[in-house]
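Everything below concerns the one structure shown next.
The values are calculated or read from the model by the stated rules, or taken from the named source; none is laboratory data. Everything numeric here is computed off the predicted structure, so don't read it as measured data. Don't worry about glycine lacking a Cβ; one is built from the backbone with ideal geometry, like all the others, and counts go over all protein chains shown. Side chains are part of the model used for accessible areas, which takes the heavy atoms of the whole protein and leaves out ligands, DNA and RNA. Shrake-Rupley method; radii C 1.70, N 1.55, O 1.52, S 1.80 Å.
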Amino acid sequence: MNSPLTPPLDLDMPCPDPCPEAAEQLLKKAAYLPEEMLAKIRRAYELGALAHQGQVRNSGEPYITHPLAVAEILAEQRMDGEALCAAILHDALEDTALPRNFIADTFGESVAEMVEGVTKLDKIQFNNRQEADAESFRKMMLAMSRDIRVILIKLADRLHNMRTLDSMKREKQLKTSSETVYVYAPLAHRMGLYNLKTEMEDLAMKYLEPDTYRQIAKKLAETKR
């Protein structure tokens, strides 16, 4: 999936370490996994950092902070190590020159399939709420027929995007929040991930209904006192 504008990736280059603290935090959250799997997760981080080198988010942070955060959300759900590796590499096929066969050779075919599955989900667009409702259900079923972990990675990806939406333009905030309410929060609910669903809805309200959000936040603060 390399574009003509994407230079070939030198996989023999020294691996950068742009976010050592975030990487260590992920490994601590994933401490329930065996040592050999933690070593693979660290390798996924090194490879992801190399592939995304020079890319930054709208916030100005190195891009690799996003997939690390996605993997951390999954580690909090005690997902398996393959899912965490795929989460770290979930944007690599679309946004970098990292070859699919290298992912498969290094981490196994199931990890490569998950990364490919998330890439395919990213390409689905919705024009209206009715289309989103129907398409989201179909999308979930198609992904679950091969590997349910693809959906879980995508939900964690969307949650982190919502957590960092402040750095986006207002138009993007509204579009992303609406899509989250109509597509991803119901998916999280259907998967039984009620904490993810609730946080998505709370964050979406912050942008879709800011006055209501501020009033509720104020009342909660008063109640807490």
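A few notes on this one:
- Straight-distance candidates among the aspartates and glutamates for linking to Lys219, with alpha-carbon spacing under 17 Å and chain neighbours fewer than 8 residues away dropped: Asp202, Glu209, Asp211.
- Whole-Hz couplings from phi, Karplus 6.51/-1.76/1.60, listed for region 156-169; x for Gly and Pro: 5, 4, 5, 4, 5, 4, 5, 5, 10, 6, 4, 7, 8, 5
- Accessible area per residue for region 56-116, computed on protein heavy atoms with a 1.4 Å probe, is 33 Å².
- Cross-link pairs Lys172/Lys206; Lys175/Lys197; Lys40/Lys123; Lys172/Lys218; Lys123/Lys206; Lys40/Lys139 - those with Cα-Cα distance over 22 Å: Lys40/Lys123; Lys172/Lys218; Lys123/Lys206; Lys40/Lys139
- Each of Phe102, Met191, Ala143 was placed along the dipole of region 94-225 (beta-carbon charges, centred on the mean Cα), and the one lying farthest toward the positive end is Met191.
- For region 126-203: relative contact order, % (alpha-carbon pairs under 8 angstrom, 6 or more apart): 32
- Under 5 Å from the amide H of Tyr63 lie the amide H atoms of Gln55, Val56, Arg57, each residue being 5 or more positions distant or on a separate chain, with H modelled from the backbone and absent for Pro and chain starts.
- Computed from phi, the 3J(HN,Hα) profile of region 27-36 under the Karplus parametrisation 6.51, -1.76, 1.60 (θ = phi - 60°) reads 5, 5, 5, 9, 5, 6, 8, x, 4, 5 Hz, with x in place of Gly and Pro.
- MRE, 222 nm, helices only [DSSP H, n ≥ 4, -39500 (n - 2.57), over the chain, to nearest 500]: -21000 deg cm²/dmol
- Folded to 0 to 90 degrees: helix 65-76 orientation relative to the chain principal axis, Cα: 80
- Rounded to 10°, Cα long-axis angle of helix 109-122 versus longest principal axis of the chain: 40
- Taking 0.36 nm per residue of sequence separation and removing the Cα-Cα distance, the Glu131/Gln215 pair yields an extension gain of 27.0 nm.
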